[in-house]
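The values are calculated or read from the model by the stated rules, or taken from the named source; none is laboratory data. Since the structure is predicted, the reported quantities are computational estimates derived from the model, not experimental observations. Methodologically, a virtual Cβ is constructed for each residue, glycine included, from the backbone with ideal geometry; neighbour enumeration extends over all protein chains shown. Remember, those area values only see protein heavy atoms, side chains included, never the ligands or the DNA or RNA. Shrake-Rupley method; radii C 1.70, N 1.55, O 1.52, S 1.80 Å.
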Amino acid sequence: MSDALTTVAVAMFAGAVRVSTPFLFVSLGETLTEKSGRINLGLEGTLVFGAMSAYAVSYLSGNPWVGVLAAGLAGSVFGMAHGFFCRLPKVSDIAIGIALMLFGSGLAFFFGKGFIQPTAPRLQAIDFGFLTSDPQLKVALQINPLFFIGLALAVVMWWALANTRFGLIVRMTGDSAATAKAMGVSVDLVRFVATTIGGFLAGVGGAFLSLYYPGSWNEGLSSGQGLMAVALVIFSRWNPLMCVAAALLFGAAGALGPALQSVGISQGYHFFNAAPHILTLAILIASSSSKRSLEGAPGELSITK
Amino acid sequence: MSEAGGRAIGVETVGMTKIFGSLTALEDVSIRVRPGTLHALLGENGAGKSTLVKCMMGFYQPTRGEMLVDGHEAAIRNPREASDAKLGMVYQHFTLVPSLTAAENLVVSRPDCPAIVDWKREIAALEEFMARMPFRVPLTTPVDNLSAGEKQKLEILKQLYLDRRFVVLDEPTSVLTPDEADEMLGLLKGMTTRGELTILMITHKFREVTAYADEVSILRRGRYVGGGLVGEMTTDDMARLMIGDTEIRERAARLEHGPSPVVLDLTAVYASDDDGLPAVTSVDLKVHAGEIVGIAGVSGNGQSELVEVLSGQRDLDDGRILVHGQGFEPVRDQMDKLKVFSLQEEPLRNSAVPRMTVAENIALRTFDKPPITSLGWWLSPGPMRAKARELIDRYRVKTPSTEEPMENLSGGNVQRAVLARELSGDVDVLIVANPCFGLDFASVSEIRSQILEQRNRGAAVLLVSEDLDEILELADRVAVMSGGRITLQAPIGATDRNAIGHAMAGGH
């Protein structure tokens, strides 16, 4: 029994590391966007389109990292579109986000039809297997470099929000647009830049999906991870470091179903696969209250106003 | 700071005119603010004070007229150019970023804010700056957690940090206790006398003008109507210039009642604010029939939460509310049965639906009763409009028709329409919060008379106001709230402005 437990624990650890990366990238991107005062719900579409473009470009160029870059650039274009439309008067960022979510997925399915069959070169993991002799852990310690890039990015973003002019201006714009305007800061420009960077990160998150895990391109690839990442930002209270913890938690939850199956518990497989979705719901309910306003929420967000 | 003398700059407007579409907000206004003075700008709401200073600060482009800075013609086309000319303004609504600390707010406001902030060095420099300033604010606390007074000080410090030499203050003392206001104005006055700064202060408190200002300019309906050295004018002169010949309704006389029963009875009331922190702590209050109890206090000390509890907008954490000795829960049925009504602050947000018509808004308390409703569910617009027409006449609401959306009415008329709805029936308990905030003299006088009439009729009135003068004028008893508690309760004749002021600051 303890063997089975170990297996499940190791599988969940491996899963946490493997599955968390797209969550991490999307939620970091969304954190930056929301810190500037806008919500981009379109990141689900950006994620799917990023996955498709990464796979296609990797296949065509033969270099998966070129694919990652292409996914990021494609994501930026989606971010720019969001930033551009939202600066028009009387435009709701939520509505534009939903439109872009559907548009991004649809466009990805349209262009991606031809890339479902071929096999593109995938990203290589870094092997930390030499650290242990345990064969299960050896497999679990195959870690993709994008995971480390994500970790570093979280730390850099956390530092930059407090210690750079850019960070202060983003926070100011997100908390009090009137103040930013009074200081001569272009609110629309700051939000445009923040949304563009957010789109870039979401695109990279998509590249991880198609080029590493699960590691192929098909239309059901994301299954709502982009949307869950937006919920995760609220759970992390707009703190990049908390995004890491939340992404790992969601990753581990996502690995629960396969981990239990690997030790022979296949009953309720689909139920356990739904764990991240249930967790999203549970966390949102537990962390909100009818009496309090959300702690740490940027004051300009359309959902908290 | 020996070289400080002579730093202050003077500003003059010449024939300043601003026309918005068909409305002339400002007409040919010339005022002269001499360097090193504290100059007061008086006027009613809508007299053009903010239009004038916004033209001076480059927020608006004047239609005609020009500005002289230190005697030289200066074109201020946007706030940045105002800043370059060392002109600055402190707005009535804070322009600090709530989630940023005081230090972050100051550093990010600097035009030469470094790309990467070396906080150790910046904090040291800020501390050295604070040491030279007449007042101090904690640097590393998020602005959210500062008191209103500290925020106001930080706003002024920001102007000084940015080396502004001419600063406009828009009603700077509205969020301060009388003691805090005196302290701050005294220190600022010191700075102007030493020639470090010139201040143009928008205010409507005559007391502050006579005590601290050197000169005064008075606007009415967009025009300059008079002014001069404060020492050479009486407050009566100033008031007459401000109001002009508008007819003001005679205030209802105060009827003296004998002893009367308690109608509204609060026992150990607790409530929390939006962040879940205690906002109202152990409040005990009794209001008798035919009595106005005024709750004084600086805004943000739990008064709005208390009013929200009484009007059903906020949950009661603990405690008991009785009306006529019966338990009262602020829901529609009970308000109707126990005749509890309210006049809330910001009526367009708290007591009216902006996009519904005036008639619908006036019917909000009665739409489900005959004659508007028949058979318990059928609403007829005819009686609703008839009732609205009658009340619009009686309460002198200026509206083109009963079908005008509420949001198109002026502030005074919105408040009158709400007044018509709340006071036209039989009132036993009346909850009033800042009823006259931002209204013109005529409306203020009208609304205060109506409140007094309700008292004379025997209603128990709870009046929450940030305007101490309003409380001193209307209330029979005063209670002071500070930090969510009642710090003083006394009959109005047995206390004075000083005692109330101290209680506002939390002292006893």
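Any idea how far apart B:K286 and B:D317 come out in nm if each label point goes 7 Å out from Cα toward Cβ?
Result for the modelled spin labels: 2.6 nm.
Report the rotationally averaged projected area of segment A:2-304 based on its alpha-carbon convex hull, in square nanometres. Provide the component values of the computation, followed by the final result.
Details: hull surface 68.6 nm².
That works out to 17.2 nm².
How many Cβ atoms of partner chains, on average, are near each residue of B:62-69 if near means within 10 Å of its Cβ?
On the way: counts 0, 0, 0, 0, 0, 0, 0, 0.
Counting Cβ atoms of other protein chains within 10 Å of each residue's Cβ and averaging gives 0.
What is the angle, in °, between the Cα long axis of helix B:148-161 and the longest principal axis of the Cα atoms in chain B? Nearest 10 is fine, range 0 to 90.
20
For B:D144, A:D93, what's the largest-to-smallest order of accessible area, 1.4 Å probe? Can you show the working numbers first?
Working: B:D144 95, A:D93 20 Å².
Largest to smallest exposure gives the sequence B:D144, A:D93.
Using the charge dipole of segment A:2-304 (Lys, Arg: +1 at Cβ; Asp, Glu: -1 at Cβ; taken about the Cα centre), state which of A:S2, A:Y55, A:A177 has its Cα farthest towards the positive end.
A:A177
Enter the Cα centre distance for the pair segment A:242-261 and segment A:75-137, rounded to the nearest angstrom.
So the separation of the two Cα centres works out to 19 Å.
Multiply the residue separation of B:V353 and B:R80 by 0.36 nm, subtract the distance between their alpha-carbon atoms, and state the gained length in nm to one decimal. Before the final figure, lay out the partial values.
On the way: separation 273, 0.36 × 273 = 98.28 nm, distance 3.85 nm.
Full extension of this stretch gives 94.4 nm more.
Mind ranking B:R396, B:R221 by accessible surface for me, highest first, 1.4 Å probe?
If we order B:R396, B:R221 from most to least accessible, we get B:R221, B:R396.
Please list, in chain and number order, the residues 5+ apart from B:V478 or on another chain whose amide H is under 5 Å from its amide H, with Hs placed from the backbone.
B:G294, B:A490, B:I492
Note down the relative contact order for chain A as a percent, whole number, built from C-alpha pairs under 8 angstrom at least six residues apart. Intermediate results must be reported in sequence, preceding the final value.
Numbers: 584 pairs, mean separation 108.2, N = 305.
Computed value for chain A: 35 percent relative contact order.
What does the charge dipole of the protein assembly as shown about its Cα centre add up to, to the nearest 20 debye, if the Cβ of each Lys and Arg holds +1 and the Cβ of each Asp and Glu holds -1? Show your work: numbers first, answer last.
Details: 71 positive and 85 negative charges, 339 e Å.
It works out to roughly 1620 debye.
Could you state the number of Å between the C-alpha centres of segment B:430-508 and segment A:1-51?
One Cα centre to the other: 56 Å.
Of B:G258, B:L375, B:G327, whose Cα points farthest to the positive end of the dipole of segment B:258-406 (charges on the beta-carbon: +1 Lys, Arg; -1 Asp, Glu; origin at the Cα centre)?
B:L375
Enter the mean number of other protein chain beta carbons within 10 Å of the beta carbon of each residue in B:113-120, as an integer.
Working: counts 5, 2, 3, 7, 6, 1, 2, 0.
Across the residues of B:113-120, the mean count of other-chain Cβ atoms within 10 Å is 3.
So what's the back-of-envelope 222 nm ellipticity for chain B, counting only DSSP H runs of four-plus at -39500 (n - 2.57) apiece and dividing by all residues, rounded to 500?
On the way: 17 runs with 165 residues, N = 508.
For chain B, the value works out to -9500 deg cm²/dmol.
Sorted from largest to smallest, which semi-axis lengths in Å does the alpha carbon gyration tensor of the protein assembly as shown give for its equivalent ellipsoid, taking the root of 5 times each eigenvalue? Intermediate results must be reported in sequence, preceding the final value.
Details: eigenvalues 615, 253, 133 Å².
After diagonalising the Cα gyration tensor, the semi-axes are 55, 36, 26 Å.
What are the radius of gyration and Dmax of segment B:146-294, computed over its Cα atoms and given in Å?
21.3, 60
Points 7 angstrom from Cα along the Cβ direction at B:E390 and A:A162: gap in nanometres?
Label-label distance for B:E390 and A:A162, simple model: 6.6 nm.
Taking the Cα-to-Cβ direction at B:D469 and at A:A99 and moving 7 Å from each Cα, how far apart do the two end points lie in nm?
5.1
Subtract the Cα-Cα distance of B:F367 and B:A125 from 0.36 nm times their separation in residues, and report this length gain in nm to one decimal.
Values: separation 242, 0.36 × 242 = 87.12 nm, distance 6.32 nm.
Length gained, B:F367 through B:A125: 80.8 nm.
Could you order A:E295, B:E305 so the one with the most accessible surface comes first? Probe is 1.4 Å. If you can, show how the numbers build up before the last one.
Details: A:E295 135, B:E305 30 Å².
These residues rank, largest area first, as A:E295, B:E305.
Take the Cβ-Cβ distance between B:A211 and B:F59 as r, set R0 to 35 Å, and report the resulting FRET efficiency rounded to the nearest 0.05. Don't skip to the answer; put the middle values down first.
Numbers: r = 30 Å, r/R0 = 0.85.
FRET efficiency, B:A211 to B:F59: 0.75.
For segment B:400-407, in order, what is each residue's ³J(HN,Hα) by Karplus, 6.51 cos²θ - 1.76 cosθ + 1.60 with θ = phi - 60°, in whole Hz (x at glycine and Pro)?
After applying 6.51 cos²θ - 1.76 cosθ + 1.60, I find x, 7, 6, 9, 6, x, 4, 5 Hz.
Sequence-distant or interchain residues sharing an amide H contact under 5 Å with B:L200, placed H: which?
The answer is B:H39, B:V167, B:V168, B:L169.
Per Stokes-Einstein, at 4 °C and 1.567 mPa s, what whole-number D in µm² s⁻¹ belongs to chain B, with the Kirkwood radius over Cα pairs as the hydrodynamic radius? Show your work: numbers first, answer last.
On the way: Rh = 25.0 Å.
Estimated via Stokes-Einstein, D reaches 52 µm²/s.
Using the Karplus equation 6.51 cos²θ - 1.76 cosθ + 1.60 (θ = phi - 60°), what ³J(HN,Hα) coupling, rounded to whole Hz, does each residue of segment B:129-142 give in order, writing x for Gly and Pro?
Values, residue by residue: 5, 4, 4, 8, 8, x, 9, 10, 9, x, 7, 9, 8, x Hz.
What is the distance in Å between the Cα centroid of segment A:176-219 and that of segment B:1-76?
Result: 43 Å between the Cα centres.
Where the only charges are on Cβ atoms (+1 Lys, Arg; -1 Asp, Glu), what is the dipole of segment A:45-200 about its Cα centre, to the nearest 20 debye? Each step should come with its number before you reach the end.
Details: 9 positive and 5 negative charges, 67 e Å.
Its charge dipole is roughly 320 debye.
By the gyration tensor of its Cα atoms, with a ≥ b ≥ c the square roots of the eigenvalues, what is the shape of segment B:376-486: rounded for a/c under 1.5, prolate for a/b over b/c, or oblate? Could you put the intermediate results ahead of the total?
On the way: a/c = 2.20, a/b = 1.73, b/c = 1.27.
Prolate, since a/c reaches 1.5 and a/b exceeds b/c.
Where does segment B:67-182 land on Rg/Rh, using Cα atoms and the Kirkwood Rh?
Looking at segment B:67-182, the ratio lands at 0.98.
Tell me, what is the FRET efficiency for B:A442 and A:Q124 to the nearest 0.05, using R0 = 60 angstrom and their Cβ-Cβ distance as r? Each step should come with its number before you reach the end.
Details: r = 79 Å, r/R0 = 1.32.
Given R0 = 60 Å and the Cβ-Cβ separation, E is 0.15.
Per-residue HN-Hα couplings for segment B:424-434, Karplus 6.51 cos²θ - 1.76 cosθ + 1.60 at θ = phi - 60°, whole Hz, x for Gly and Pro?
6, x, 8, 10, 9, 10, 10, 9, 10, 10, 5
Averaged across A:163-169, how many Cβ atoms of other chains sit within 10 Å of each residue's Cβ atom?
Working: counts 4, 5, 9, 2, 4, 9, 3.
For peptide A:163-169, the averaged partner shielding equals 5.
Can you work out the PRE-style zone for A:E295? Point 7 Å along Cα to Cβ, and I want the residues of segment B:130-160 with backbone N under 11 Å.
none
Can you tell me the FRET efficiency between A:S262 and A:S2 if r is taken as the Cβ-Cβ distance and R0 is 22 Å, rounded to the nearest 0.05? Don't jump to the answer; show the numbers that get you there.
Values: r = 16 Å, r/R0 = 0.71.
Calculated transfer efficiency: 0.90.
So which DSSP H runs in chain A come out at 24 Å plus along the axis (Cα) with average Kyte-Doolittle of at least 0.5?
Details: long enough: A:2-35 (45 Å, 0.83); A:43-61 (25 Å, 1.05); A:64-86 (33 Å, 1.38); A:93-112 (27 Å, 1.87); A:145-163 (27 Å, 1.87); A:187-211 (36 Å, 1.52).
Correct list, ordered by number: A:2-35, A:43-61, A:64-86, A:93-112, A:145-163, A:187-211.
Could you work out [θ]222 nm for chain A from helices alone, using -39500 (n - 2.57) per DSSP H run of at least four and dividing by all its residues? Round to the nearest 500 deg cm²/dmol.
On the way: 14 runs with 213 residues, N = 305.
That comes out to -23000 deg cm²/dmol.
Show the residues, 5+ positions off or on another chain, whose built amide H is closer than 5 Å to the amide H of B:T24.
It is none; the list stays empty.
Which of the aspartates and glutamates could a cross-linker bridge to B:K387, judged by Cα under 17 Å and excluding same-chain residues fewer than eight apart?
B:E360, B:D368, B:E403, B:E404, B:E422, B:D426
Would you tell me the accessible area of A:L248, worked out with a 1.4 angstrom probe on the heavy atoms of the protein chains, in Å² to the nearest 10?
It works out to around 60 Å².
Can you flag which of A:K181/B:K158; A:K35/B:K151; B:K54/B:K120; A:K35/A:K90 are past 28 Å Cα-Cα?
Pairs exceeding the cut-off: B:K54/B:K120.
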